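A quick write-up on the structure given underneath.
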Amino acid sequence: MNLETIYESMGISSAVYAYGKKTEEALKERFRAIDENAEYNQLKVLHAMQKCRVSDIHFAGTSGYGYNDLGRDTLEAVYAETFHAEAALVRPQITCGTHALAVALAANLRPGDELLAVSGKPYDTLEEVIGIRPSNGSLAEYGVTYRQVNLLPDDRFDLEGIRAAMNGHTKMVHIQRSKGYQTRRTLSVSEIGKAIDFVKSLNPDVICMVDNCYGEFVERIEPTDAGADLCVGSLIKNPGGGLAPTGGYIVGKNTYVENCAYRLTSPGLGKEVGATMGLMQSFYQGLFLAPTVTAGALKGAVFAANIYEKLGFDVLPDGQESRHDIIQAITFGTPEGVIEFCKGIQAAAPVDSFVEPKPWAMPGYDSDVIMAAGAFVQGSSIELSADGPIKPPYAVYFQGGLTWDHARFGILMSLQKLTEAGIAKLPA
Ligand SMILES: *Cc1c(COP(=O)(O)O)cnc(C)c1O
């Protein structure tokens, strides 16, 4: 069987296949640059592992308190080295990205302090962490106030707005690299660095924290290379490489990371406890694969942008622009567009390909959300996945793909569903 026949037997029409092939041909140069980036980051991770003398003893699990867990302590050294940071906290006890961010905030803010978000409204689930939406146990309940400076209409930092918002209570600045569920540009590490420099020029003691979710290994530098005091993310996104079954990381300045450890476990205990229960090999191996896996996901995002842009849909980032995270937003303008796209991603999955995703109320979100994922790790969004809140502008956020070949197949399947539903029309 030739390739086209295999695709056809798996539900991709010859017209969709041909359109995909043509789109891919035009992306050769982009893909070469993505591969070079992966090569750079692969060497960075490898160097960190060699420098920290990673050995198979580090894959052994601990139980109970987890005292003297060599694997855990060495993994944290590897993360610190990879991110060129003083310290790291990388734990299976950090349940997700939101938790990692909540720990970083609650650990470093005290009653009377103010948190200042300078890249606009933070990711949806943080609204309840901060108390933007009143919530049990929010920072607001503990007397931490909040202020926000939106990005300018062209998605640049509003430096004058930041100057005006900073005051004697400003203790921490929040910057989000990725767009989350918003149709804005993703920020590059270098422009994040410039904003941090500006904040520090006004008050060097303000702690600058970057939500790095989905950004890891997309560029050659990370926010900690550009002056961030704390940089935070999820292990079921890029840095877990698809193998980490849970977890989150916080890297940055020693004092602030220590505070996070005291908050995560307990005052007095900090980093000294936390059993790893046999998960360490997947954390190490996932980090080792992460640069390549991220590159595959990035190719998928660029491919999707080019596929849908030419069919007349709004895509963000567009087909040409440079990338700073692995998210691709596509605006369909109707609930049906979002739903058909997600059906295609689900139908392309290795796991649960036979189920049909439906919009639903999800904890932490203020509208119904549809999520497509047929993942080996529940909710893993470095695996091929798509989600979208069912509210205007009816955009779908697409990400992941453990291999580029799978990402390609998922995008072709989404296009198949959209053409069958008459929502997308292939050029004659
Ligand atoms: C995914 C994400 C989070 C939250 O991570 P979860 O693991 O879903 O809790 C926070 N911020 C951004 C920008 C994200 O993309």
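What follows is calculated from the coordinates using simple rules that are stated; it is not laboratory data. Predicted model, so just to flag it, every value in this text is computed and none were measured. Here the Cβ is made from the backbone with ideal geometry for all residues, glycine too, and neighbour counts use every protein chain on show.
Points worth noting:
- Largest-first principal axis extents of the Cα set of the stretch 305-410 (Å): 32, 31, 23
- Stretching Arg147 away from Phe354 to a fully extended chain increases their span by 70.0 nm, per 0.36 nm per residue minus the current alpha-carbon distance.
- Judged by the mean number of other Cβ atoms found within 10 Å, the most tightly packed of the peptides 396-403, 166-173 leads the ranking 396-403, 166-173.
- Based on alpha-carbon atoms, the Kirkwood radius and the radius of gyration of the stretch 199-305 give Rg/Rh equal to 1.03.
- The stretch 246-377, Cα convex hull volume normalised per residue, Å³: 178
- Between 0 and 90°, nearest 10: helix 404-420 axis offset from the chain longest Cα axis: 60
- Each 5 Å bin from zero holds the following percent of Cα-Cα pairs in the stretch 185-254: 3, 18, 25, 23, 16, 9, 4, 1, 0.
- The packing ranking of peptides 186-195, 114-123, 245-254, 3-12, highest mean first, is 245-254, 114-123, 186-195, 3-12, where packing means the average number of other beta carbon atoms within 10 angstrom of each residue.
- The chain - mean residue ellipticity at 222 nm from DSSP helices (-39,500 (n - 2.57) per run, n ≥ 4, rounded to 500): -12500 deg cm²/dmol
- The stretch 37-110 versus the stretch 283-305: alpha-carbon centroid distance in Å: 19
- Here, the chain has an Rg and a Dmax of 21.4, 70 Å when only alpha carbons are counted.
- Using bins of 10 Å that start at zero, the share of Cα-Cα pairs per bin across the stretch 1-87 amounts to 14, 24, 19, 14, 23, 6, in whole %.
- Dividing the Cα radius of gyration of the stretch 128-278 by its Kirkwood radius returns 0.96 for Rg/Rh.
- 0 to 90° range, to nearest 10: angle between helix 14-25 axis and the chain longest Cα axis: 50
- Full extension of the segment from Ser14 to Ala428, taken as 0.36 nm per residue of separation minus the current Cα-Cα distance, would add 147.7 nm.
- Of Lys200/Lys253; Lys28/Lys299; Lys28/Lys310; Lys237/Lys271; Lys121/Lys179; Lys121/Lys253, those spanning more than 20 Å from alpha-carbon to alpha-carbon: Lys237/Lys271; Lys121/Lys253
- Angstrom value of the Kirkwood radius, inverse mean 1/r, which spans all Cα pairs in the stretch 65-154: 15.1
- Computed label-point distance, nm, for sites Glu321 and Tyr40 using a 7 Å Cα→Cβ extension: 2.0
- Percent RCO, i.e. relative contact order, over the chain, from Cα pairs under 8 Å lying at least 6 residues apart: 18
- The long axis of helix 97-108 is offset from the longest Cα principal axis of the chain by roughly 20 degrees.
- Note on Asp366 and Arg32: their simple-model spin labels are 4.7 nm apart, each label 7 Å out from Cα toward Cβ.
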